[in-house]
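The values are calculated or read from the model by the stated rules, or taken from the named source; none is laboratory data. Model, not experiment: these values are computed from the prediction. Every residue, glycine among them, receives a Cβ derived from its backbone with ideal geometry; neighbour counts consider all protein chains shown. SASA here: full protein model, heavy atoms, side chains in, ligands and nucleic acids out. Shrake-Rupley method; radii C 1.70, N 1.55, O 1.52, S 1.80 Å.
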Amino acid sequence: MTARPNLTSTSQVLILTGAGVSAESGVPTFRGVNGLWEGRRVEEVASPEGFDADPQLVWRFYSLRRDGAAKVNPNPGHEAIARLEGALGERLLLVTQNVDGLHARAGSTRVMCLHGELFKTRCERCNVPFADTRTYFDGVPRCSTCDNRLRPHIVWFGELLSSAHLRQVDDFIERAGRELIFFAIGTSGQVYPAAGFVDAARHAGGQCWLVDVDPPAEYARRFDHVVKGRSGEVLPALFGV
Ligand SMILES: NC(=O)c1ccc[n+]([C@@H]2O[C@H](COP(=O)([O-])OP(=O)(O)OC[C@H]3O[C@@H](n4cnc5c(N)ncnc54)[C@H](O)[C@@H]3O)[C@@H](O)[C@H]2O)c1
Ligand SMILES: [Zn+2]
C-alpha cells in the first residue's frame, strides 16, 4: 500500500458505503446484475408506481432480498469500519446506501441508512417503520392498526431521502472543515444526493478517498486519492485497524 490517510486525534471521518462493500458477503450489486431482476428493470419493482401496479410482486422481490440478506454475513470490510468507529467514536459518521443491515451486524452502532432498511416495514398511512424479518410471498401484508397496505421501508426510485439525514451529513461536513477525511467505498457515484457528498467534502477543505475494485472514471476524478481493490482486503490496512 502506498498512500495512507493521515488520521489524527482531531480527524473527523465521514464514510459513505455502497453495494460494493457487501459484494464480498455475496450480496449482488445493481451493476453486477445489469439492474435486472427476473428480466424486469429494478425500477419496476422498486418504485411507488411499481408498488401501485403490483404490490404482491414488489413484496415477492423484497421477500427474496430479505431471504438472501439473512443468509449472508458481514465481511472484513464491514468489520474494519466498525473497528474504526470503535476508535473514533463521535468523530465518525457512517452513511450507507445499503439496505442489507450488514454494517450493524458487524458492530457499527451509529449507521445512517440513507436508502432505508430491508428488515423494516411501514404502513402507507401510519408511516411508522417497525422491525420486520418476515417474508411475504403470497399476498400483501396489512397494517394491524388501520388495515392499509404495508410497504417495505425502502427509499424507492423517485422518492426523496430524509431531509433530516441530509442535514446531518451537511452539518458534519461543515463542522469538520479541514479536519474532514471522506471515504466513499464501493459506490459507483451514480445515485444522488449521496454521489454529491464528495463535492461538498472537497469544498469544505476535506481530504477525499475512493475505495473501489473497479473505480468508475467519472466519479474517481473528483477524489484526491483512489485506492483500487476489494474493500475487505483494502480497508483494514487503509484504516490501520
Ligand atoms: N447491499 C445492498 O443493500 C444493495 C445492493 C444492491 C443495490 N443497492 C442499492 O443500489 C443503489 C446502487 O448504488 P451503489 O453505488 O451502492 O452500487 P453500484 O452497484 O452502482 O456500485 C457498486 C460499486 O462497488 C464496486 N465494487 C464491487 N465489488 C467491490 C468490492 N469487493 N470492493 C470494493 N468495491 C466493489 C463496483 O466497482 C461499483 O463501482 C443504491 O441506491 C443502493 O441502495 C443496495
Ligand atoms: Zn396503518
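Of note:
- Any hit, region 162-177, residues being part of a loop (DSSP other than H, G, I, E, B), over 27 Å from SER47 (Cβ atoms) and away from ligand 1 (no atom under 12 Å from the Cβ): no
- The set of residues in region 132-168 that are farther than 15 Å from ASP54 by Cα, open to solvent by 80 Å² or more (accessible area, probe 1.4 Å) and either away from ligand 2 (no atom under 16 Å from the Cβ) or outside the structural domain of GLN56 (by TED's automatic domain parsing) (or both) comprises THR133, ARG134, PHE157, GLY158, LEU160, ARG167, GLN168.
- When we screen GLY68, GLY77 for residues that are under 24 Å from ARG122 (Cβ atoms) and either part of a helix (DSSP H, G or I) or of a type in the set (Ser, Thr, Tyr) (or both), the only hit is GLY68.
- Single condition PRO28 does not satisfy, out of (1) within 12 Å of ligand 1 (Cβ to nearest atom); (2) open to solvent by 20 Å² or more (accessible area, probe 1.4 Å); (3) modelled with pLDDT of 95 or more; (4) not acidic (Asp, Glu): (3)
- Selection count, region 67-91, where residues are touching a Phe, Trp or Tyr at 6+ places or on another chain (Cβ under 9 Å), under 19 Å from THR109 (Cβ atoms), of a type outside the set (D, E, K, R) and open to solvent by 30 Å² or more (accessible area, probe 1.4 Å): 1
- Here HIS153 fits the description: assigned to a strand (DSSP E or B) and within 16 Å of ligand 1 (Cβ to nearest atom).
- Scanning region 97-114 for residues that are in contact (Cβ under 8 Å) with a residue 60 or more places away in the chain and of a type outside the set (A, V, I, L, M, F, W, C) returns GLN97, ASN98, ASP100, HIS103.
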